[in-house]
Amino acid sequence: MNFQEAQQLLKEYVHKPEILMHCLEVSIIMRFLARELGEDEEKWAIAGLLHDIDYESCLKTEDCFRHPESSEISRFSSLEEHAKKGAGIIKQKYPKIEEDIIHAILAHNEEHTKTKRENKFDFALAASDNISGMIFAYGLMRKSLEGMEVKSLKKKMKEKSFASTVRRDLIYDINKGNIDLDKFLEIAIKAMQSIAREIGFGK
Ligand SMILES: [Fe+2]
């Protein structure tokens, strides 16, 4: 599977603009991160793009797009299938998909899939999934992504009531993948800035 094929597949299963935008954000963060770490850029970008491919079909109601692992969403029992269903969709179409992509996708919803996050790729995906929401919310607050600093983002993350559905623990867990938190935040900000227009921030 190449990135273009992943884009096609995503479009078949996801139609809500806010979910598509979220997938794009996580994908670009994963791409920038892989580039910085000397990992497989295309592979990391594909995992980011497809990690929520089943999200729309797992939702029971129209307006409950939140992170799958947040307490707010956990009452939606259909999300117990989240990521498992997605892995199934991808494997059905691309049986030769690399196993580590599937593993990272399953592990991003570890609480339900019971697939444990255990390597750099897994921790990067779960952290990127969450930092995207944090940077987006902070960007909305300050009306721009431009000039956003790691220091102020970290400060914002400490405010529990701000973007409360974002799992801070999964962001901090980036250390378990041997990736420095500050470096990760710096890369994530740059990645989001690079698609500022596509995600609704004018320049
Ligand atoms: Fe996600």
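Which cross-chain or sequence-distant (5 or more) residues have an amide H under 5 Å from the amide H of E118, H modelled 1.01 Å from N in plane?
Correct list: F123.
Among the lysines, which fall within straight-line cross-link reach of K160, defined as a Cα-Cα distance under 18 Å, with same-chain neighbours fewer than 8 residues apart omitted?
Of all the lysines, those that pass the test against K160 - Cα under 18 Å, at least 8 places apart if same chain - are K151.
How many angstrom lie between the C-alpha centres of the stretch 101-137 and the stretch 175-203?
When both Cα centres are located, 16 Å separates them.
Between 0 and 90 degrees, rounded to the nearest ten: what's the tilt of helix 84-93 against the longest Cα principal axis of the chain?
Long axis of 84-93 versus the principal axis of the chain: about 60 degrees.
Between L140 and Q4, how many nm apart are label points set 7 Å from Cα along the C-beta direction?
Taking the simple label geometry, L140 and Q4 are separated by 3.5 nm.
Relative to the longest principal Cα axis of the chain, at what angle does helix 41-50 sit, 0 to 90 degrees, rounded to 10?
With rounding to tens, the tilt is 80 degrees.
Using a ≥ b ≥ c from the Cα gyration tensor of the chain (square roots of the eigenvalues), is it rounded, prolate or oblate, where a/c under 1.5 gives rounded and otherwise the larger of a/b and b/c decides, a/b for prolate?
Here the chain falls in the rounded category.
Provide the per-residue ³J(HN,Hα) series for the stretch 13-24, in order, calculated from phi with Karplus coefficients 6.51, -1.76, 1.60 and θ = phi - 60°, each as a whole number of Hz, with x at glycine and proline positions.
Rounded to whole hertz, the list is 10, 10, 10, 6, x, 5, 6, 4, 5, 4, 5, 4.
With the chain treated as a Gaussian network of Cα nodes joined by springs under 10 Å, which of D52, D129, D40 yields the largest mean-square fluctuation?
Fluctuation is largest for D40.
Under a crude label model (7 Å from the Cα following the beta-carbon direction), how far is K158 from N119 in nanometres?
Label at K158, label at N119, 3.6 nm between them.
As a footprinting exposure proxy, order D100, D169 by other Cβ within 10 Å, with the fewest listed first.
D169, D100
At 222 nm, what helix-only mean residue ellipticity would the chain give, in deg cm²/dmol to the nearest 500, using -39500 (n - 2.57) for each DSSP H run of four or more?
-17500 deg cm²/dmol
Bear in mind these aren't lab numbers, they're just calculated from the coordinates by the rules spelled out. Here the structure is a predicted model, which is why all the values come from computation and not from measurement. Methodologically, a virtual Cβ is constructed for each residue, glycine included, from the backbone with ideal geometry; neighbour enumeration extends over all protein chains shown.
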